[in-house]
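The values are calculated or read from the model by the stated rules, or taken from the named source; none is laboratory data. Keep in mind that what you see is a predicted model, and the values were worked out from it rather than measured. FYI the Cβ positions are ideal-geometry reconstructions off the backbone, even for glycines, and counts take in every protein chain you see. Side chains included, ligands, DNA and RNA excluded: accessible areas come from the protein's heavy atoms. Shrake-Rupley method; radii C 1.70, N 1.55, O 1.52, S 1.80 Å.
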Amino acid sequence: MKICPEGLYCEPGGFFVDPLRAVDRAIVTHAHSDHARPGHRHVLATAETIAIARQRMGLGAWRSTQALAYGEAVTLGEARVWLQPAGHVLGSAQVAIEYRASRIVISGDYKRTPDPTCAGFEPIPCDVFVTEATFGLPVFRHPPPCHEVGKLLASHHLFPARTHVVGCYALGKCQRVIALLRQAGWHAPIYLHGALANVCQVYTSLGVELGDLRPATTAAKKQLEGAMVLAPPGAVDDRWSRRLSDPVVALASGWMRVRQRARSRGVELPLVISDHADWDELNATIDEVGAPEIWVTHGNEEALIHAAGLRGIQGRALRLLGYGEEEAEIAEPEPA
Ligand SMILES: [Zn+2]
Ligand SMILES: [Zn+2]
């Protein structure tokens with residue numbers, strides 16, 4: 001494995017994993033825009049990742065694609081490769097690469113908390129484990145998601161006439177919040193900002209049940225009184241949500257653990273729901289895969305490498321610039 005300006009390159013296999021620039025051959029772990037970039041000639045990914053990426057980037061973003069089921073191995077050059085669930089968003093995969101007698105696993109983005117909208121993370125024993133560290137600090141401990149959704153429902157119970165508008169990222173978080181609401185007994189329609197509708201459609205076409213979803217933009221103001229509305233994070237505190245009746249503004253993100261972030265965004269109801277592993281999950285996963293060496297792609301590398309080092313695990317910060325952008329994404333404009 002080599003670090004190139006384009007990203008992680010597997011020399012014996014002749015492919016990049018989640019390249020940051022357009023390349024000839026890429027394996028893409030999941031469809032978030034910081035990992036799935038347009039312009040590659042040939043892409044190998046799960047069928048779900050290909051479907052979601054095509055929906056977001058257009059059919060022509062990748063010249064050709066090959067769908068690989070979880071656990072199905074292929075030989076690329078001199079390397080043996082397969083994908084295993086990463087538990088991050090629908091279709092997200094870890095990439096396991098075997099060459100000669102050693103195995104490296106590139107986990108992409110991942111989490112360990114069960115998510116009703118995607119397959120759960122499956123640890124793979126390996127010699128080198130490549131991990132993210134988005135929440136790689138001991139302050140980041142995510143509460144159970146049902147607890148956070150409980151806060152949202154409790155607020156609705158307290159203010160039944162107010163519109164509850166929940167900021168969430170278009171891919172993954174949005175569908176997970178919907179599924180968590182359904183699990184918690186919310187069966188009423190959920191209204192969506194236009195930027196969230198398309199990915200929900202792909203999810204339901206791939207068999208993820210999300211219940212009664214309706215467009216928020218065309219709904220009458222009266223209909224939205226007391227309703228549950230989902231919108232991209234950038235839309236909840238702007239003009240778009242001001243037309244709602246006396247909204248309670250919530251935001252679902254791992255960053256909501258940082259009170260200041262919630263306050264600066266005008267969030268009344270911060271919901272700590274994250275699609276990334278927290279500090280405990282990162283460390284437990286590193287121990288579970290048993291790799292003597294970890295490489296950290298992005299996030300809080302130092303703290304995680306230091307903690308692993310205390311347990312005799314060697315760490316290396318890759319400092320790959322360009323990942324982690326999806327979590328900071330601003331709202332896409334509302335389609336007409
Ligand atoms: Zn991601
Ligand atoms: Zn990412």
Fill in the blank from the handout: Share of accessible surface on carbon and sulfur in the chain, whole %, 1.4 Å probe and ligands ignored, is 53 percent
Fill in the blank from the handout: Taking a straight Cα-to-Cα line shorter than 19 Å from K151, and setting aside same-chain lysines fewer than 8 residues away, one finds K173
Fill in the blank from the handout: With the charge dipole of the chain built from beta-carbon charges (+1 for Lys and Arg, -1 for Asp and Glu) about the Cα centre, the Cα from H193, T131, S241 projecting farthest to the positive end belongs to S241
Problem - For the chain: relative contact order, % (alpha-carbon pairs under 8 angstrom, 6 or more apart) - result: 17 percent
Problem - Loop chymotrypsin sites (Phe, Trp or Tyr not before Pro), the range 32-95, which have at most 16 other Cβ atoms in a 10 Å radius of their Cβ (DSSP) - result: Y70
Practice task
Just reorder H157, H30, H142, H147 by solvent-accessible area, largest first, 1.4 Å probe, all chains present.
Solution key: H157, H147, H142, H30
Completion exercise
Any GluC sites (Glu not before Pro) in the range 102-210 that lie in a DSSP loop and have at most 13 other Cβ atoms within 10 Å would be E209
